[in-house]
Amino acid sequence: MIGIFGGTFDPVHLGHLLLARAAADHLGLQRVIFVPLGLPPHRDLPKASPQSRVNMLQAALTDSPDFEVSTVEIDRPSPSWTVHTLEHFCDEMPDETFCLLMGSDAFRSINQWYQWQSLLDYCHLVVVSRAGDKTELGSEVAAYLARHRCTSLYDITDGCSGGIYWLEADIPDISSTLIRHRVDADEPLTGLLPPAVESLIKEHGHYGY
Ligand code: ATP
Ligand code: MG
């Protein structure tokens, strides 16, 4: 099974890498494809350019041979709809099984995503608990989880799509927002980012450095 991990990655940080590692270890994923979004449909434009976010991701992933970056959303001129991205990977690798990785905060608003009811036609969802994210799910998303939740790993690895697996993992409470604020305030970034990403932020003056 291949993990697809979408996000703004503005910038990528250790929370992202540890989430992907936890999912890869737990589910035995062959690889994880990080997909930085191009034009975000649901939020403000990222601060760093698409190419800079790709460069930071590539720097972050050099020591992880099973992690890679795809520019499929960045190369698309239209908004980054995840359902189209999944369709793309399913067309490209018709014999593979996919799981879409996300933090619990992203899952909470999944019912706002374009064609969200179709996501499970292409993949399983793997939701990783996010520290500090204690808000309850709204009724529509809670019902969606209840309908599709798989508590056994076998249900996920046996079927090719349609399950939601909730993974409790101890991921540090780091966010890109925190990093951007710390850079802007000239505060240290120790323990938040791979050193190679911090070097790129400094070298290119991202986030006001
Ligand atoms: P921002 O603060 O700009 O929103 P972010 O840190 O939330 O950035 P995103 O690029 O928005 O990063 O997130 C991509 C995905 O990674 C989302 O599914 C999000 O839930 C998940 N994620 C990011 N950081 C963590 C973390 N520390 N623990 C668990 N999940 C995380
Ligand atoms: Mg976020």
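Some points to look at:
- Filtering 86, 101, 137 for residues that are among the hydrophobic types (A, V, I, L, M, F, W, C), without any contact (Cβ under 8 Å) to a residue 60 or more places away in the chain and either within 16 Å of ligand 1 (Cβ to nearest atom) or more than 22 Å from residue 161 (Cα to Cα) (or both) leaves a single hit, 137.
- Taken together, the criteria exclude residue 9 from residues that are open to solvent by less than 20 Å² (accessible area, probe 1.4 Å), out of contact with any Cys (no Cβ under 6 Å at 6 or more places or on another chain), of a type in the set (Phe, Trp, Tyr) and within 28 Å of residue 159 (Cβ to Cβ).
- Per-region count, segment 73-123, residues assigned to a loop (DSSP other than H, G, I, E, B), within 16 Å of ligand 2 (Cβ to nearest atom) and open to solvent by 30 Å² or more (accessible area, probe 1.4 Å): 2
- Restricting attention to segment 104-125, the residues that are out of contact with any helix residue (DSSP H, G or I) (no Cβ under 7 Å at 6 or more places or on another chain), within 15 Å of ligand 1 (Cβ to nearest atom) and of a type in the set (D, E, K, R) total 1.
- Pairs meeting the criteria (first residue in segment 105-127 and within 14 Å of residue 42 (Cα to Cα), second residue open to solvent by 60 Å² or more (accessible area, probe 1.4 Å) and in a helix (DSSP H, G or I), beta carbons under 7 Å, at least 6 apart or on different chains) are 111/140.
- Complete set of residues in segment 30-53 that are of a type outside the set (Ser, Thr, Tyr), touching a helix residue (DSSP H, G or I) at 6+ places or on another chain (Cβ under 7 Å) and surrounded by fewer than 22 Cβ atoms within 10 Å (Cβ to Cβ): 38, 42, 46, 47
- Lone qualifier among 133, 186, 173 - being surrounded by 12 or more Cβ atoms within 10 Å (Cβ to Cβ) and either among the β-branched types (Val, Ile, Thr) or assigned to a loop (DSSP other than H, G, I, E, B) (or both): 133
- Qualifying residue in segment 147-164 (condition: closer than 17 Å to residue 129 by Cβ, within 16 Å of ligand 1 (Cβ to nearest atom), surrounded by fewer than 18 Cβ atoms within 10 Å (Cβ to Cβ) and of a type outside the set (D, E, K, R)): no
Per-residue answers, yes or no, for (1) out of contact with any Gly (no Cβ under 8 Å at 6 or more places or on another chain); (2) farther than 30 Å from residue 60 by Cα; (3) in contact (Cβ under 8 Å) with a residue 60 or more places away in the chain:
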| residue | (1), (2), (3) |
| --- | --- |
| 156 | no, no, yes |
| 168 | yes, no, no |
| 174 | no, no, yes |
| 183 | no, no, no |
| 193 | yes, no, yes |
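- Scanning segment 1-51 for residues that are in a loop (DSSP other than H, G, I, E, B), touching a residue at least 40 places away in the same chain (Cβ under 8 Å), among the hydrophobic types (A, V, I, L, M, F, W, C) and within 13 Å of ligand 1 (Cβ to nearest atom) turns up 9, 12, 37, 48.
The values are calculated or read from the model by the stated rules, or taken from the named source; none is laboratory data. Because the structure is predicted, anything quoted here is derived from the model rather than measured. Here the Cβ is made from the backbone with ideal geometry for all residues, glycine too, and neighbour counts use every protein chain on show. Remember, those area values only see protein heavy atoms, side chains included, never the ligands or the DNA or RNA. Shrake-Rupley method; radii C 1.70, N 1.55, O 1.52, S 1.80 Å.
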